[in-house]
1. Can you sort Lys4, Lys80 by 1.4 Å-probe accessible area, starting with the largest?
2. Explain nothing, just compute: Karplus ³J(HN,Hα) = 6.51 cos²θ - 1.76 cosθ + 1.60, θ = phi - 60°, for every residue of segment 84-96 in order, whole Hz, x for Gly and Pro.
3. How much length is gained if the chain between Asp153 and Ala47 is pulled fully straight, taking 0.36 nm per residue apart and subtracting their Cα-Cα distance, in nm to one decimal?
4. Reported to two decimal places, what Rg/Rh ratio describes segment 80-159 when computed on Cα atoms with Rh from the Kirkwood expression?
5. Calculate the dipole size of the chain relative to its Cα centre from +1 charges on Lys and Arg beta carbons and -1 charges on Asp and Glu beta carbons; express the result in debye to the nearest 20.
6. Quick query: amide H of Ala40 versus all other amide H atoms, modeled in the peptide plane; which residues come in under 5 Å with a sequence gap of 5 or more or a different chain?
7. Under a plain spin-label model, where a point goes 7 Å from the Cα along Cα-to-Cβ, how far apart in nm are Gln165 and Val116?
8. Sequence gap at least 6, Cα distance under 8 Å: using those rules, report the relative contact order of the chain to the nearest whole percent.
Amino acid sequence: MPSKLLALTGSPSAHSRTEVVADHVLRRLAHAGFETAHLAVRTLPAADLLSARRGEPEIRRALEAVADADGLVIATPVYKASYTGLLKAFLDLLPQDGLAGKTVLPLATGGSLAHVLTIDYALRPVLAALGARHVTAGRFVLDSSVERGDGPDRLRPEAELDLYQAVDEFADALPALTTVP
């Protein structure tokens, strides 16, 4: 049985570079045989999210998806030198040990290398506080590395190679799943 991996993206934009990066990661992981899914937090009902209505159907399903995942890719654009409030609102809904036993790959996108430490100084402490088993080395991807055009969105080759190195390290850090006969 393949590991279940969930990409959780915290961008409020429907045309998000962060989601392009997360989709690249998911394709790589799916190609390696993992079961993958993507949850864009912006698609959850805002009133339920902001009012912490954990019992509402869409919020409950989102929280169950996190609980069922063996590993998570958590991706966010950088706003005001940190991850988005949208992502924070969702992470606040998780139980205190909501990431216990999980391997997490943190990713951030932004317009300037001035925000490269966002992963280590803003996001990683929250992931650790939620009990993540292992938070792998994250990656910061410059917005300018995401190329948009008439065809599918793509990453510049150097950014793609760096991202795939992080993805491979994440995959290697996932606990081996064993099946009981």
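1. Details: Lys4 75, Lys80 195 Å².
Ranking Lys4, Lys80 by accessible area, largest first, yields Lys80, Lys4.
2. Computed from phi, the couplings for segment 84-96 are 6, x, 4, 5, 4, 4, 6, 4, 5, 7, 5, x, 3 Hz.
3. Numbers: separation 106, 0.36 × 106 = 38.16 nm, distance 3.13 nm.
Answer, rounded to one decimal: 35.0 nm.
4. Values: Rg = 14.4 Å, Rh = 13.9 Å.
Result for segment 80-159 is an Rg/Rh of 1.04.
5. Values: 18 positive and 22 negative charges, 76 e Å.
Magnitude of the dipole: close to 360 debye.
6. Thr9
7. The answer from the label model is 1.2 nm.
8. Numbers: 323 pairs, mean separation 41.7, N = 181.
Relative contact order here is 23 percent.
The values are calculated or read from the model by the stated rules, or taken from the named source; none is laboratory data. Values in this document were obtained by computation on a predicted structure and should not be read as measured data. No Cβ is skipped: glycine too gets one built from the backbone with ideal geometry, and neighbour counts run over all protein chains shown. Protein only, heavy atoms only, side chains kept; ligands, DNA and RNA dropped before computing areas. Shrake-Rupley method; radii C 1.70, N 1.55, O 1.52, S 1.80 Å.
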